[in-house]
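Asks: After the structure tokens below, expect a handful of questions from me.
The values are calculated or read from the model by the stated rules, or taken from the named source; none is laboratory data. Please read these numbers as outputs of a predicted model, since none were measured by experiment. In case anyone asks, the SASA skips ligands and DNA or RNA and just uses the protein heavy atoms, side chains included. Shrake-Rupley method; radii C 1.70, N 1.55, O 1.52, S 1.80 Å.
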Amino acid sequence: MGLIAWIIFGALAGWLASIIAGTNKEQGAFGNIVLGILGAFLGGFVVNLIGGNGAIDFNLYSLIVAIGGALILTFIVKKLA
């Protein structure tokens, strides 16, 4: 995916994860983008560890993986803060 696609994908995944986690009001658009992109990397890493394919393309499966990774990242940040 290109840079613009990663930003859009990250914004969507981060926004959905922040709504699920209840942190949407604490983060702005930039926070959602960063959360989504880092969540896609983390989710892809976790899925690869259990033997699947991570976030490889702009599709529903990759979106679910990215949201899962963003939720894991949100959980870790909440526990550390």
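Asks: Karplus couplings for segment 26-42 from phi (6.51 cos²θ - 1.76 cosθ + 1.60, θ = phi - 60°), rounded to Hz, Gly and Pro as x?
Replies: Result, rounded to whole Hz: 7, 10, x, 5, 5, x, 5, 5, 5, 4, x, 5, 5, x, 5, 5, 5.
Asks: Next question. Please calculate how many Å² of accessible area the chain carries per residue, with a 1.4 Å probe and no DNA, RNA or ligand atoms counted.
Replies: I get 61 Å² per residue for the chain.
Asks: Run the numbers on the chain and let me know its relative contact order in percent, using alpha-carbon pairs under 8 Å that are six or more apart.
Replies: Averaging sequence separation for qualifying contacts and normalising by length gives 33 percent for the chain.
Asks: From the Cα gyration tensor of the chain, with a ≥ b ≥ c the square roots of its eigenvalues, which class applies: rounded if a/c is under 1.5, or else prolate if a/b is larger than b/c, or else oblate?
Replies: Because a/c hits 1.5 or more and a/b fails to exceed b/c, the chain counts as oblate.
Asks: Right, next: Based on Cα coordinates alone, diagonalise the gyration tensor for segment 1-41, multiply each eigenvalue by 5, take square roots, and list the semi-axes in whole Å, largest first.
Replies: 18, 9, 7
Asks: In the chain, carbon and sulfur make up what percent of the accessible area (probe 1.4 Å)?
Replies: The nonpolar share, carbon plus sulfur, comes to 74 percent.
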